[in-house]
Amino acid sequence: MRDLSLHLTDLCQNSIQAGAQLVEVSLALADEGKLTLVIRDDGHGMDADTLGRVHSPFTTHRTTRKVGMGIPLTENNAVATGGGLEVISSPGKGTTLTATFFTRHIDCPPLGDLAETMATLILANPEAMDFTLSLRSPKGEERLDTREIRQALGEDVPLNTPEVVQWMIQATQDMIQQIFGGELQ
Amino acid sequence: MKTMAELEAIRKQTLDRINLRKEDKEDEVRVVVGMATCGIAAGARPVMMAFLTEATKRHLSNVTVSQTGCIGMCRYEPMADVFVPGQNKVTYVNLDEGKARRIITEHIVNGNPVVEYMIAADPKPMSDSKGDSK
């Protein structure tokens with residue numbers, strides 16, 4: 001993966017596969033460029049046994065092959081910057097994944113196109129699922145919530161209408177500029 | 001900064017067009033892009049956005065772009081399936097943004113599947129197209 005937003009696209013796919021209705025993504029930038037990425041879903045969660053094996057590339061729910069690289073690749077990149085990755089989960093209670101990156105480390109991948117990540121997530125799952133994205137830094141906090149957007153649009157206009165997607169891309173870019181501008185690219 | 005008030009304007013603008021679209025569901029074309037770890041790492045996300053922006057630019061309201069997981073042929077990623085009603089599924093492989101735009105214009109708009117980007121197409125219903133028997 002070339003950047004953090006691609007990892008995010010990938011990890012959210014796990015939440016979608018787990019039958020989540022709501023996926024909450026948050027990125028918090030603290031002092032010294034420490035970036036904490038949290039993905040919380042309300043999917044069906046994992047038992048202790050699966051959770052114990054979740055960092056291994058040979059753990060997957062898929063039946064076509066025996067490898068699952070999403071979490072290991074992200075963990076690898078996080079550890080390379082001096083950070084790490086942690087997963088908390090229990091059956092029926094959803095999953096929370098936390099990854100920390102030290103963005104000033106030379107091995108830290110760039111942030112990438114977060115707006116495109118949000119757009120692809122929403123486009124692929126317009127009917128049943130909702131997403132929130134919150135960004136936080138010493139400059140402030142901003143939040144995008146597809147439930148609020150749905151409410152504003154009413155029942156007749158779906159979330160994947162091209163004009164709405166364009167609005168969301170622009171809104172996400174504005175948020176990134178406002179909260180992370182100058183620090184994260 | 002974008003405001004929620006703008007969404008209200010979008011709602012009003014698009015409402016008529018959406019009602020129009022609801023009436024003819026049977027001509028719906030589906031483009032499904034592989035977006036598992038392998039696909040994303042190979043560049044599936046820009047491919048998906050290219051399908052979408054090209055379809056939007058051409059006002060193809062009968063085209064839906066969606067995503068699927070890994071189907072086990074990771075070396076051919078980025079991949080996409082195109083479903084046109086009444087025709088067989090076509091699987092395109094090793095895609096990039098330019099190829100995605102060409103698939104929209106040639107396959108979806110003009111009805112000629114792009115044979116050189118395909119991995120598999122059942123030759124029977126498409127026997128009049130050239131070069132797909134190998």
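Values quoted throughout were computed directly from the atomic coordinates according to the rules given, and no laboratory measurement underlies them. Small disclaimer: the values here were computed from a predicted structure and weren't measured. Here the Cβ is made from the backbone with ideal geometry for all residues, glycine too, and neighbour counts use every protein chain on show.
Kindly provide the trypsin sites (Lys or Arg not before Pro) of the stretch A:82-146 that DSSP labels as loop, not H, G, I, E or B, and whose Cβ sees at most 13 other Cβ atoms within 10 Å.
Passing sites in the stretch A:82-146 are A:LYS93, A:ARG104.
Under the rule that an exposed site lies in a DSSP loop and has at most 10 other Cβ atoms within 10 Å, name the longest stretch of chain A with no GluC sites (Glu not before Pro) of that kind, not counting the sites themselves.
A:1-126
Taking every DSSP beta bridge that has both residues in chain A, what percent is antiparallel when rounded to the nearest 5?
80
Looking at the stretch A:1-55, which trypsin sites (Lys or Arg not before Pro) are in a loop (DSSP not H, G, I, E or B) and have at most 13 other Cβ atoms within 10 Å?
Counting only loop positions with at most 13 other Cβ atoms within 10 Å, the trypsin sites (Lys or Arg not before Pro) in the stretch A:1-55 are A:ARG2, A:ARG53.
Can you tell me how the stretch A:4-179 classifies by the Cα gyration tensor, rounded, prolate or oblate, using a/c under 1.5 as the rounded cut?
Note, shape of the stretch A:4-179 comes out oblate.
Tell me which of A:LEU97, B:ALA44, A:ALA18 sits at the most positive position along the dipole axis of the protein assembly as shown, charges placed on C-beta atoms (Lys, Arg +1; Asp, Glu -1).
Checking the options against the dipole of the protein assembly as shown, the answer is B:ALA44.
Mind putting together the pair-distance distribution for the stretch B:2-104? All Cα pairs, 5 Å bins, whole percent per bin, short to long.
2, 12, 20, 19, 16, 13, 10, 6, 2, 0
Go from 0 up to the bin containing the longest alpha carbon distance in the protein assembly as shown, width 10 Å each, and give me the % of pairs per bin.
Calculated over all Cα pairs of the protein assembly as shown, the distribution is 5, 25, 32, 25, 11, 2, 0 percent.
Loop only per DSSP, at most 14 neighbouring Cβ atoms within 10 Å: give me the chymotrypsin sites (Phe, Trp or Tyr not before Pro) in the stretch A:52-115, ordered by residue number.
A:PHE58
Using the Cα centre as the reference, give the magnitude of the dipole from point charges on the C-beta atoms of the protein assembly as shown (Lys, Arg: +1; Asp, Glu: -1; all else neutral), rounded to the nearest 20 debye.
The dipole magnitude comes to about 600 debye.
Kirkwood hydrodynamic radius, computed over distinct alpha-carbon pairs, for the stretch A:60-112: how many Å, to one decimal?
Kirkwood radius, the stretch A:60-112: 12.6 Å.
Kindly provide the helix-only [θ] at 222 nm of chain A, computed as the sum of -39,500 (n - 2.57) over DSSP H runs of four or more divided by all residues, to the nearest 500 deg cm²/dmol?
Per the formula, -11000 deg cm²/dmol.
Magnitude of the Cβ-charge dipole of chain A, K/R +1 and D/E -1, about the Cα centre, nearest 20 debye?
Magnitude of the dipole: close to 580 debye.
If Lys and Arg each add +1 and Asp and Glu each add -1, what is the summed charge of the other residues whose beta carbon sits under 13 Å from the beta carbon of A:GLY83?
Once positives and negatives cancel, what remains is -2.
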